[in-house]
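The structure appears below as structure tokens.
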Amino acid sequence: MNNQQQKWFYLIVLSLVWGSSFILIKKALLGVTPIQLGALRMIFTAIILLSVAFPSIKKIKKKHWKHIFYTALVGTFIPGFLFAYAITSIDSSVVSILNCFTPFNTLVLGAVFFGFAFKKQQLYGILIGLLGTLILVLKGVDLNPDQNYWFTPFVLLGSIGYAINANMIKKHLYNLDALAITTGNFLVLLLPAIIVLYFTGFFTDFVYDEVGIQSLGYLAILSIVGTSIAKTIYNKLVQISSPIFSTSVTYLIPIVAIFWGILDGEQLSFIQLFGGVIILFGVYMVNKKK
């Protein structure tokens, strides 16, 4: 496949994998806390990658390590905890739609801090997307009054982290092997994740009953497919396309996440779907070529 075919193939694969990640996070949270989930996901992924891809570390040069650390922090460590906390209070399908802000943040931060061009049409797209998100959240408050929509900023902050990560990979790590970037990220995160997990009391308080074991099973799937493999594909996608195109995967993720959410009994109204359509139209405006 040429680069054009590869980038669309990677985009579709990532939408299927990450669209399913939200329901896996929801199920895993039945047996662990949000902080434990974030830490365990990083530890499992680090063990997997270092077991099969440790030689790729040799490709990372001294000049790369600073940006490997930054991308690990803003692209995995911080969002990992923020999204886990958000899903404890907001339906996973709604969280996935809110994650559509990632391309908007990528565009703005890319223009302001990374030197990418900024078009008036793209600004209009951002404003339309903001309107759609406002509709989504306000209707969600009405439909599910028991959910705490004050956790919405957690998702938006996580999406900012993803946006910085995409721009940084494209600008500073574009010539580094994608697997090396992913493995380097989780090598950096392994010790901090173990320390965080220790202070949660997991090693003394975790209950190895049916629910606990199932939670670890969901976490294993999430770590192997949704993180180690998907992160490597995503890093490659950023390198062969653009930060905006790569983060466009968040437009497709809600379709998959909503499908899983409905199967799991989550409620979603027509107005919320309409808000999602407005967001997607805003996304279209951001990416539309004149």
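The values are calculated or read from the model by the stated rules, or taken from the named source; none is laboratory data. Note that the structure is a prediction, hence the values are computed from the model and not measured. Every residue, glycine as well, gets a Cβ built from its backbone with ideal geometry; the counts of neighbours run over all protein chains shown.
Structure data summary
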{"item": "Helices (runs of 4 or more DSSP H) wholly inside the range 1-90 containing at least 3 residues that are at pLDDT below 95", "result": "3-28, 34-53, 78-87"}
{"item": "Failed item in (1) under 22 Å from residue 251 (Cβ atoms); (2) within 20 Å of the chain's Cα centre (by Cα); (3) surrounded by fewer than 20 Cβ atoms within 10 Å (Cβ to Cβ), with residue 6 passing the rest", "result": "(2)"}
{"item": "Qualifying helices (runs of 4 or more DSSP H) (wholly inside the range 201-290; at least 2 residues being surrounded by 14 or more Cβ atoms within 10 Å (Cβ to Cβ), of a type outside the set (Gly, Ala, Ser) and touching a helix residue (DSSP H, G or I) at 6+ places or on another chain (Cβ under 7 Å))", "result": "210-221, 230-240, 243-247, 249-263, 270-287"}
{"item": "Residue in the range 73-80 that is surrounded by fewer than 18 Cβ atoms within 10 Å (Cβ to Cβ), farther than 15 Å from residue 228 by Cα and not aliphatic (A, V, I, L, M) present", "result": "no"}
{"item": "Selection within the range 49-64 - farther than 23 Å from residue 225 by Cα and not charged (D, E, K, R)", "result": "60, 64"}
{"item": "Residue within the range 95-116 that is modelled with pLDDT of 90 or more, over 16 Å from residue 244 (Cα atoms) and part of a helix (DSSP H, G or I) present", "result": "no"}
{"item": "Flag if residue 174 is outside any helix (DSSP H, G or I), in contact (Cβ under 8 Å) with a residue 60 or more places away in the chain and under 26 Å from residue 239 (Cβ atoms)", "result": "yes"}
